[in-house]
Amino acid sequence: MSNSQLGVYRAFVDNYKVAVETAEKCCQANSQFAEISENLKVKSAKEGKDQNAKNSLESLLYKPVDRVTRSTLVLHDLLKHTPSSHPDHPLLQDALRISQNFLSSINEEITPRRQSMTVKKGENRQLLRDQFMVELVEGSRKLRHVFLFTDLLLCAKLKKQTGGKGQQYDCKWYIPLADVTFQTIDESESSPVPQIPEEEIDAMKVKISQIKNEMQREKRVCKGGKVLDRLRKKLCEQESLLLLISPCMAFRVSNRNGKGYTFLISSDYEREEWREIIREQQKKCFKSFSLTSLELQMLTNSCVKLQTVHNVPLTINKEYDESTGLYGFLNVIVHSATGLKQSLNLYCTLEVDTFGYFVNKAKTRVYRDATEPNWNEEFEIELEGSQTLRLLCYSKVRQCRDDGENMDRIMAKGQIQLDPQSLQGKDWQRTVISMNGIEVKLSMRFTSREFSLKRMPSRKQSGVFGVKIGAVTKREHSKVPLIVRQCVEEIERRGLEEVGIYRVSGVATDIQALKAAFDANNKDISVMMSEMDVNAIAGTLKLYFRELPEPLFTDELYANFTEGIALSDSVAKESCMLNLLLSLPEPNLLTFLFLLDHLKRVAENESVNKMSFHNLATVFGPTLLRPSEKDSKIPSNPTQPISMSDSWSLEVMSQVQVLLYFLQLEAIPTPDSKRQSMLFSTEV
């Protein structure tokens, strides 16, 4: 088909809508015309074709339009299987380009206004939601842009832009909403989700922080230009990769033939959000249908104009939003819930975002057989660049999956933005989250990282919290503080299989009660611990290390550790890191080795508790290694006291990497007999 001949098709396509409408009017006006238009016989050049096949006038009018799309697909396949050295290759390239441009131009004129697309008989197809998501295809993760319309779900891939062309999508599949079903847990179990090493995810975060740091510097210097554009593009690429490798929770949909498609998302909240909006829309969709190839091409092309999400939804989800989120500690009290229509065994979980995806941080106790549960439980949640707090209410069910995935029913969900302005003060902020007729009352108070880690001079003569570790071990005549030993023993007794141990927050009031008991040297502390939730004991141990007047790795050696972990030569790094470790004061070294052995035992149960070496290093690293005020990258008089710079996030990454390094070492060698006898002494 030559370029000039396309003009004939152009005229036909331009008149197609009018022709169909005219034919429909004629059918309505004359029953004889209607009967003839539905039973037209067409001679076919193909011998095997059924000569008596009947066609409607509408289908015949559509044939020339469909031919353009089919010709484009044929040209695409021909080019794919033609060697670049073949003389026809450049001709096929030209033909495909002309054909694609023609299809696009048709779509530009036919595609209606933003947010809607005309379908049969004047109905309106509207875009309800679109989002970048990860699809699992034959064990590989693929980045997709998913579009939910009022009558169908469409999964598209963003094509690579070449030759100055605009953005284009390639449809991977679609399902009419009337045909969408959600696969049950049992049907899904045969398809395990491939896990990405935590180290790979961490390395990606480091790269993102470095690029953002460069962008900040560039803005201060020239406030724009090609360099900044290049960095933005680089940041988008890295964040796309992070989105691709981060989520691990399966969300599976099927069509009417049982063909399943699997997306990977980051949280229960997001999965429930998709299910809710699809189920709600399905109430209005009763019939299945099929799109012709041209209709599908037009719809896919229209997605370029219809899309509402233009960037990967991570830290650059708003082009001019330079907020890095909140870094520090958020105390949340979950008070009560009202609006339940029946008595339930209800509990709540809290999620916060970090680097664009959400992590479960806290869980209330189950309040049984109540329509108005009163938890009044306080949690301390660590924030790492967080901007949103999510709350989910679950009704407890008895059965539980072997792999730890939650089977409980979500009754309600809601979220609030963590506004830096309203969280500036030290007072508690009360708020209510309303969701599906259920209201949950919360109180929140925020302490920024720079204030929470600010050194407090050690004036205490008694107790253990806030007292130098050497003073405690000397007073107790022990090598490792009693509080560390008792907390570790209790966690190893009944907490090694607790999902999210050390990551999920314990109830703050329980932690404060344990802190007071240890400071008072309460003789009944073992009984207290045995009756408390194991997450409160884990929280007490973390609090002890955080409140040390000098961190376990000491102020003096902090800079050396962060420099040592950055060495590229593995032999030099090992030598440097081990020498530094063995230079720690004796109480610090022995306490760290005791804790290290414990964390390794926790990680041995990773398949159940979901706590890998990396997860544990993320929790403990910034607590065990903290810079003194002179070494810290935090400005002494910050203009935004509750947000952190990217240089600080890089500092946190470095602290995580130091602990991760020691967790991954098989053994700590000992250079002399004195050290060996000290290290391997059974008396602690």
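Quick note: the coordinates plus some simple rules give every number you see, no bench work behind them. Everything numeric here is computed off the predicted structure, so don't read it as measured data. We place every Cβ from the backbone using ideal geometry, glycine too, and count neighbours over all the protein chains shown.
Rounded to the nearest Å, what's the spacing between the alpha carbon centres of segment 566-602 and segment 266-293? Just the number, please.
52 Å
Compute the FRET efficiency between residue 173 and residue 97 as 1/(1 + (r/R0)^6), taking r as their Cβ-Cβ distance and R0 = 25 Å, and round to the nearest 0.05.
Plugging the Cβ-Cβ distance into 1/(1 + (r/R0)^6) gives 0.45.
With respect to the cross-link table entries 396/515; 63/283; 172/305, which display a Cα-Cα separation exceeding 24 Å? Can you show the working numbers first?
Details: 396/515 31 Å; 63/283 34 Å; 172/305 18 Å.
In this structure, 396/515; 63/283 lie more than 24 Å apart at Cα.
Roughly what would the spin-label model give for residue 230 and residue 668, points 7 Å off Cα along C-beta, in nm?
Placing both labels 7 Å beyond Cα along the Cβ direction yields 4.5 nm.
Quick one: length gained pulling residue 201 to residue 439 fully straight, 0.36 nm per residue minus the C-alpha distance? Please list the in-between numbers first.
Values: separation 238, 0.36 × 238 = 85.68 nm, distance 3.63 nm.
Contour length minus the Cα-Cα distance gives 82.1 nm.
Got a sec? How would 236, 303 order by Cβ neighbour count within 10 Å, fewest to most?
Values: 236 15, 303 22.
Least to most surrounded, the residues fall as 236, 303.
Once R0 is set to 45 Å, what does the formula 1/(1 + (r/R0)^6) return for the Cβ-Cβ distance between residue 573 and residue 126, expressed as a FRET efficiency to the nearest 0.05? If you can, show how the numbers build up before the last one.
Working: r = 57 Å, r/R0 = 1.26.
It comes out at approximately 0.20.
If we count other beta carbons within 10 Å of each Cβ, what is the order of 170, 353, fewest first? Show your work: numbers first, answer last.
Working: 170 9, 353 23.
If I rank by nearby Cβ atoms, fewest first, I get 170, 353.
Report the label-to-label distance for residue 365 and residue 530 in nanometres (one decimal), using points 7 Å from each Cα along the Cα→Cβ vector.
Computed distance between label sites residue 365 and residue 530 equals 1.8 nm.
Got a sec? How would 221, 488 order by Cβ neighbour count within 10 Å, fewest to most? Mind dumping the intermediate values first?
On the way: 221 11, 488 22.
Starting with the residue having the fewest Cβ neighbours, the order is 221, 488.
Would you work out if segment 513-582 is rounded, prolate or oblate? Take a ≥ b ≥ c from the square roots of the eigenvalues of the alpha-carbon gyration tensor; rounded if a/c is under 1.5, else prolate when a/b is larger than b/c, oblate otherwise. Provide the component values of the computation, followed by the final result.
Details: a/c = 3.91, a/b = 2.79, b/c = 1.40.
Prolate shape, in that a/c is at least 1.5 and a/b is the bigger ratio.
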